[in-house]
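Heads up: the structure comes next, in structure tokens.
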Amino acid sequence: MQSLIWLAIALPLASAAVLLCLGRRADAWGHWLGVAASGGAFLVGLGALIEMLGKPAEERALDTTLYTFIPGGDLHVDVGLLADPLSITFVLLITFVGTLIHVYSVAYMEHDKDRRRFFAYLNLFVAAMLLLVLADSYLLLFVGWEGVGVASYLLIGFWNYKPEYATAANKAFVVNRIGDIGLIIAMGIMFTTFGALDFATIGELAGNASTATLTAAGLALLLAACGKSAQFPLQSWLGDAMAGPTPVSALIHAATMVTAGVYLIVRSAPIFEGAPNAQARRRGRGCHHPDARRTDRHGEGRHQEGARRLDDVADRLHDARRGSRPRRVRLRDLPPRHARLLQGGHVPGRWLGHARHERPGRYAPLRCPQGRDGRHLGDVRPRLARHPRCPAVLGLLVQGQDHRVRLRGRGMAAVGLRPHRAHRRGPHGLLHVASVLHDLPRQGPLDRRGSPAREPRAHDRADDHPRGRLGLPRPHPRHRRPLLALARAGDRSCRAPRARAARPRHRRGHAHPGGARRHRSLAEVRPRRGPAGGAVGVARDHHCAQRLLPGLG
Amino acid sequence: MFPFLTVLVALPALGAALLWALPASALSRVREIALGITVVEAVLFVIMALQFDKCDAGAFQFSETYAWIPQIGTRRALGVNGIGLLMIALAVILVPLAILAAWREDKVPARRRHYLALVLLSQAFMVGIFAARDVFLFYVMFEAMLIPLYFLIGSFGGAQRRYAAVKFLLYSLVGGLIMLVAVVALYFVGPGGEQAFLTDNLTGTLDLTTTQERLMFLAFFLAFAIKAPMVPVHTWLPDVAENARPGTTALLVAVLDKIGTFGMLTLCITLFPAAADWAAPVIIVFAVISVIYGALLAIGQKDMMRLVAFTSVSHFGIMVLGIFAFQQTSVEGAALYMFNHGLSTGALFLLVGFLIARTGTADVNAYGGLQRIIPVFAGTFLVVGLSALSLPGLSPFVSEIMVLVGAYPVASVAVIISAVSVVLAALYILLTYKKVFTGPAPEAEPATARDLTLRERLVAWPLVGLMLLLGFVPAIAIDYLREPSADIVAHVTAEEANA
């Protein structure tokens, strides 16, 4: 049932569509259809809960991808539903209370000649709310988020023949939209920093981002949550919103809609954990604390968060004295559970050398290997460049990512083991790895410890980066995404080599110009993927990788 | 191979000639003939689109080139890439709907004939411009298109229509003439020879000094900025929208104005990437001004046609922001927005037109409580209005969020300011809806109390359906835009790397 959780959204949505399209023809039975759809969604949620309880605790989350929503070159978003304990809790809350309110409304709205339309809006609301809590990315969450907003607009203004009720509906929607600005900005920050919008990727990478970035994202999310949950200073709409019929007040304002903001904060835990300032604001606001900053300074937070934060605080105190603040040591950064995860995109800091080659940090010996995304291999890259067997290492990277695909297939994709999104995109994965390495020749000289020497690199110049061009501060070098526009023009379904006469292409099986090959080429290192489409993809990959890494193939 | 593009351009042009040549006895059937021609055009387009290879959407397909004026090296070169295909789709979808929407506009058959023939002629130019691969051909179509439009605006519509038509013509001519200078200059600095104006030959091969390149870029850009109304050269649009017929305005804003953004993408940036890169910060500032200023003015309008026109100024600002951020995602989003905005604004103009046809006024304050008497109309209007405020589930949302999120890495301040338009959009749409449709029911007049008729449903609902489809499955359209956008971004990044 957990994989059928999409039915919980589809049932009320379909019911709303039927009721709105049929119009008066559905007057006689429309309300019962609405009740049935909401009840059906509750049963689906209940089934998912029962199935989930039968699993061991760490395998309870299930991410189902339905289809590709935005197959862009840089931004890739799937319509995926994440059924984990948190979202199922909310599903049950929404559908249970929602169904009761549906039943209540059957009688309450009996004398309204538009009762059918009312039930359509109720169903729309439930569907949007479920999408909100089941989405596995911020973008999809935003779809549900705004859907809830418009459904509440329709419900509050249901009796809009009274002008003041229509005004109340407008007010609710507009004030909510002020909060939505926050969510849009947060998505912009996340896309800039992490290159993706799904919770899994962001959860994995949030630890690598700077505190300032996370604080900005956290504050933007907080603005959104304040809008939806009617918190100061965006609380003004809630009072007027009681203009709607009573069941609406119950559904929206007591039971579900205002919890959406809370859900957003909980779901964004990785962001807030890395952003103590935003967290303090949130906590201070929640309990109406007069001085949010002081709350954190006195360290109340660390008692609330459990013992594991204690070492963070000690570390920060120490660093504050030294005047620098490297990334905090976290004892919870445990090594990956599966040995094979040591390969592939998640190359741990230590894997390609001794711990003393780590980024200079006082606590390096304490640091356990930690999973890191291939994109951020800032410190591995220079060593790799000097590595006499660079192509072979690259092959290992590629191979590792394929292990993970198989791993997923065996249903071991528990939360802790989820691979980076990019790796699921087939040929993209190779390009992704290639992208990590593509500026190898441009790396500066290494110092004795194997770290890149400190003088600025060519691509760090202000005029090189688009942000510098616009006179804006450049992002932290570790978070810069390689410019992959050339290489990324295509996806799995669409990988035919482009007919460009000027540039020679090397197809698999053809002799390479320029004599015998010394290394196995990139295209061959990568395991075969499938029928004809895969072969074409390999040829294309090779073509791209050659352009990025001259001298490799 | 069947010359699809030539036929798509020629068919409406010949249709216009046919309408003018029609004997007086057949004049009563003129609407059916015009509609038939556009439907045949649409069918031909669908056949062509099915053969389009979207794995290679970045390259020009269905290419045809014929010699035209060999002395100056222009060729009649046609071809479409993914972006051009979507734009032609927009023209092909909206023209029959506009004809259907104007079904009862003219009582005199002779006037009806002129109107329909002019619409068909402008459709021929629209398709031609989006399919042109030769800069000179593009320019000629760009200017020639003013002729049918001038007559469409000046001869059919409200009281001030002559003033609006002259204003439109002057603005467009100024832009066009400046562009002509750049086109002539292109001939002298370009490769010359048989194919001196072919875009492929000009891309990346021009050897210009920095000053030359910047001047030519600005000349092209100004023409396109006037066409895609950007503040401060937008002032012709509200006057035209107020005075022209709703159908004309719908075509003008939904399809023809896209020539501006289309030209920025395919000519300005492709031919002069370094200059585009140089000018981008200033252009982004103007784009942000357009976004906010257009939205603010829209909130203040009493005339619904002017209101929709100002919302378009705001939306065009977002497109330009996306284009000149030069990010893969933002350019994809802007190109997608060009298509989605056509559907959304086209539908909005046509619906406002239906409202005006019922009561004869576009003044918001003259209405009230219509939801009680014409619920289907109100519901359709609300859905279309929500698409204009970029509600998720309807197609404009996807493109707007792609622009805003995609442009954030390089232009975060611009994005944050533009995001305010999300609130302003809610205000201008919902306040209009509130004034027109909510409130106590008015005394029913037979003219007003007519709910959406079958003909009007045939106009509005296909557009709504398309917006819903692309709102839930935008991948259908994005697949056509990924490769062209990547190519455009690659031109600029390559130029940055050189510099």
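The values are calculated or read from the model by the stated rules, or taken from the named source; none is laboratory data. Computed from a predicted model, the values in this text were never measured in an experiment. In this analysis, Cβ positions are derived from the backbone assuming ideal geometry, glycine residues included, and neighbour counts consider all displayed protein chains. For accessibility, only protein heavy atoms count, side chains too; no ligands or nucleic acids. Shrake-Rupley method; radii C 1.70, N 1.55, O 1.52, S 1.80 Å.
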Report yes if B:Leu237 is at pLDDT below 90 and open to solvent by less than 20 Å² (accessible area, probe 1.4 Å), otherwise no.
no
Can you name the number of the only condition in (1) within 13 Å of chain B (Cβ to nearest Cβ); (2) open to solvent by 20 Å² or more (accessible area, probe 1.4 Å); (3) free of Cβ contacts under 8 Å to residues at least 40 places away in the same chain; (4) assigned to a helix (DSSP H, G or I) that A:Ala151 fails?
(2)
State all residues of segment B:454-499 that are under 30 Å from B:Leu370 (Cβ atoms) and open to solvent by less than 40 Å² (accessible area, probe 1.4 Å); if no residue qualifies, say none.
B:Glu456, B:Val459, B:Ala460, B:Leu463, B:Val464, B:Gly465, B:Met467, B:Leu470, B:Gly471
Please go through segment B:47-96 and give me each residue that is acidic (Asp, Glu) and in contact (Cβ under 8 Å) with a residue 12 or more places away in the chain, ordered by number.
B:Asp56, B:Glu64
Determine which member of the set A:Gly218, A:Gly227, A:Gly244 is closer than 15 Å to A:Ala269 by Cβ, small (Gly, Ala, Ser) and touching a residue at least 24 places away in the same chain (Cβ under 8 Å).
A:Gly218
Hey, any hits in segment B:89-99 for a residue that's open to solvent by 10 Å² or more (accessible area, probe 1.4 Å), touching an Asp or Glu at 6+ places or on another chain (Cβ under 6 Å) and at negative phi?
no
What's the number of the condition A:Ala128 fails, among (1) hydrophobic (A, V, I, L, M, F, W, C); (2) farther than 29 Å from A:Phe158 by Cα; (3) within 14 Å of chain B (Cβ to nearest Cβ)?
(2)
May I ask you to list the residues in segment A:204-227 that are open to solvent by less than 10 Å² (accessible area, probe 1.4 Å) and touching a His at 6+ places or on another chain (Cβ under 9 Å)?
A:Leu205
Failed criterion for A:Gly72 (all others in (1) touching a residue at least 12 places away in the same chain (Cβ under 8 Å); (2) open to solvent by less than 30 Å² (accessible area, probe 1.4 Å); (3) not basic (Lys, Arg) hold):
(1)
Of A:Gly239, A:Gly274, A:Gly203, A:Gly207, the only residue that is under 30 Å from A:Glu164 (Cβ atoms) and of a type in the set (Gly, Ala, Ser) is A:Gly239
It is to be established whether one or more residues within segment A:3-16 are exposed (fewer than 15 other Cβ atoms within 10 Å of the Cβ), touching a residue at least 60 places away in the same chain (Cβ under 8 Å) and out of contact with any Pro (no Cβ under 8 Å at 6 or more places or on another chain).
yes
Here is a check on your reading of the model: is A:Ala200 under 14 Å from the mean Cα position of the chain (by Cα) and in a helix (DSSP H, G or I)?
yes
If you go through segment A:104-116 one residue at a time, do you hit one that is away from chain B (no Cβ under 12 Å) and under 21 Å from A:Lys171 (Cβ atoms)?
no
Among A:Gly227, A:Gly239, which is at pLDDT below 85 and in a helix (DSSP H, G or I)?
A:Gly239
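Per-residue answers, yes or no, for (1) within 30 Å of B:Glu443 (Cα to Cα); (2) of a type outside the set (A, V, I, L, M, F, W, C):
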| residue | (1), (2) |
| --- | --- |
| B:Gly333 | no, yes |
| B:Met338 | no, no |
| B:Val352 | yes, no |
| B:Val384 | yes, no |
It is to be established whether one or more residues within segment B:262-273 are hydrophobic (A, V, I, L, M, F, W, C), open to solvent by less than 10 Å² (accessible area, probe 1.4 Å) and within 14 Å of chain A (Cβ to nearest Cβ).
yes
Please indicate, with yes or no, whether at least one residue in segment B:292-301 is touching a strand residue (DSSP E or B) at 6+ places or on another chain (Cβ under 6 Å) and modelled with pLDDT under 95.
no
Hey, A:Met187 hits all of (1) facing chain B (nearest Cβ under 7 Å); (2) modelled with pLDDT under 90 but one; which does it fall short on?
(2)
Helices (runs of 4 or more DSSP H) wholly inside segment B:389-481 that include at least 2 residues being closer than 27 Å to A:Asp78 by Cα and more than 10 Å from chain A (Cβ to nearest Cβ):
B:395-407, B:454-472
Hits in segment B:143-190 - residues which are hydroxyl-bearing (Ser, Thr, Tyr), at pLDDT 90 or above and surrounded by fewer than 18 Cβ atoms within 10 Å (Cβ to Cβ):
B:Tyr150, B:Ser155, B:Tyr163
Filtering segment B:351-380 down to residues that are more than 13 Å from B:Thr438 (Cβ to Cβ), open to solvent by 10 Å² or more (accessible area, probe 1.4 Å) and among the aliphatic types (A, V, I, L, M) yields B:Ile356, B:Ala357, B:Ala362, B:Ala366, B:Val376
